[in-house]
1. Determine the gain in length on full extension of the stretch Ser122-Lys75; use 0.36 nm per residue of separation and subtract their C-alpha separation, reporting nm with one decimal.
2. So which lysines pass the test for Lys32, namely a Cα distance under 27 Å, with those fewer than 8 places away in the same chain ruled out?
3. How many angstrom lie between the C-alpha centres of region 5-32 and region 59-73?
4. Output wanted: per-residue J couplings in Hz (rounded whole) for region 64-69, from phi through Karplus 6.51 cos²θ - 1.76 cosθ + 1.60, θ = phi - 60°, x for Gly and Pro.
5. Under 27 Å Cα-Cα from Lys75, which lysines qualify once same-chain neighbours fewer than 8 residues away are excluded?
6. Could you pull the Cα extents of region 31-101 along its three principal axes, largest to smallest, in whole Å?
7. Please give, to one decimal in nm, the separation of the simple spin-label points placed at Glu45 and Ile98, each 7 Å out from Cα toward the Cβ.
Amino acid sequence: MICPACQKDTTRVSDSRLVGAGTSIRRRRVCKNCGHRFSTVESVELLRAQVRKRNGSLQPFDREKLLGGLRAACKRRPIPEQTLRAIIAAVERDLTRIHSLASASGTLPEINSQDIGDLVLSHLKSVDPVAYVLFASVYQGFSSVEEFERALGDAKRVSSAPA
Ligand SMILES: [Zn+2]
């Protein structure tokens, strides 16, 4: 890290601590050349994108909201919170890869909400087949009982498949 006062690469970290519910780390730094003290904050890089909803409206991507939807769909299933968070993290990683979200133009990339739902499902399927169906019924909005039963049948085949 370059010293903002003397522009020399002679700074060292004197203290580090977690801030913001553990999602950021603040480092106190001191310059050995000029003695200048300053701080830096390192945070998890959030996925920044616009989500196109089924009804055509656009909303900023909100991982907490997505996690809330997944949590609600899985509330009767024995899935640890940590696993749900890991699924969301995997979905964000997939989205970043698919959409190369580093947008040079300055406008936020646009993601279809259906794509996000499909990614959640692809990760959920191997974790808990019943939760997979519950989430699918919410996010794909099954239009018929047959459609729902077909998904349930798929999930049962996955869960009864020999390991
Ligand atoms: Zn300095």
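Since every read-out is calculated from the coordinates, none of them should be taken as a lab result. Given the structure is predicted, the values throughout are model-derived calculations rather than measurements. All Cβ positions, even for glycine, are placed from backbone atoms using ideal geometry, and neighbour counts span all protein chains on display.
1. 15.1 nm
2. Lys8
3. Spelled out, the Cα-based centre of one part sits 33 Å from the other.
4. 5, 5, 5, 4, x, x
5. Lys53, Lys65, Lys125, Lys156
6. For region 31-101, the Cα spread along each principal axis is 58, 34, 19 Å.
7. 1.9
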